């Protein structure tokens, strides 16, 4: 198997939805060769769609050059909880195509990204109980979820 696994790569829904840090690294650590190697690895894992939550459209040309579908929902430093449903809509669209496998990324894996994925588990109906969703996403991500991320997981389902 060729390529290089992106930092922090985790499957949220096996074979369908994953998270990682920005492809190619973040800030001064970003490297074109590393980005290319990580894209190769992702395609070998079956990832065919990228949803970037970065403020800018970094790497869009590289993704499209590798024939990956690209979705972008720019988030600056913080996300208004009222915008969460919009992100879930974009994610529904990205996952809606038959055979799609989506990677969602930001610069780093933090509460915002992890909390959104926990919220998406509830939104998608895969997990009914928000408390269970919080526990599951913490286990998947390997990190505790603080109040900044927990606010993206609905407290009431139905």
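None of the figures in this text is laboratory data; all of them are computed from the coordinates on show. What you are looking at is a predicted structure, and each value in this text was computed from that prediction instead of being measured. FYI the Cβ positions are ideal-geometry reconstructions off the backbone, even for glycines, and counts take in every protein chain you see.
Among the residues of region 117-131, those that are touching a helix residue (DSSP H, G or I) at 6+ places or on another chain (Cβ under 9 Å) and surrounded by fewer than 18 Cβ atoms within 10 Å (Cβ to Cβ) comprise 124, 126, 128, 129.
Of the residues in region 17-42, how many are surrounded by fewer than 16 Cβ atoms within 10 Å (Cβ to Cβ) and touching a residue at least 40 places away in the same chain (Cβ under 8 Å)?
1
Specify the residue that is farthest from residue 149 (Cα to Cα); the eligible residues are those in region 55-65 that are crowded, with 17+ Cβ neighbours inside 10 Å and out of contact with any strand residue (DSSP E or B) (no Cβ under 6 Å at 6 or more places or on another chain).
First, pick out the residues of region 55-65 that are crowded, with 17+ Cβ neighbours inside 10 Å: 58-59, 62-63.
This time we only want the ones that are out of contact with any strand residue (DSSP E or B) (no Cβ under 6 Å at 6 or more places or on another chain), so: 58-59, 62.
Numbers: 58: 24, 59: 25, 62: 30 Å.
In this case the residue turns out to be 62.
Yes or no, residue by residue, for (1) without any contact (Cβ under 8 Å) to a residue 60 or more places away in the chain; (2) assigned to a loop (DSSP other than H, G, I, E, B):
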site	(1), (2)
86	yes, no
100	no, yes
109	no, yes
143	yes, yes
152	no, yes
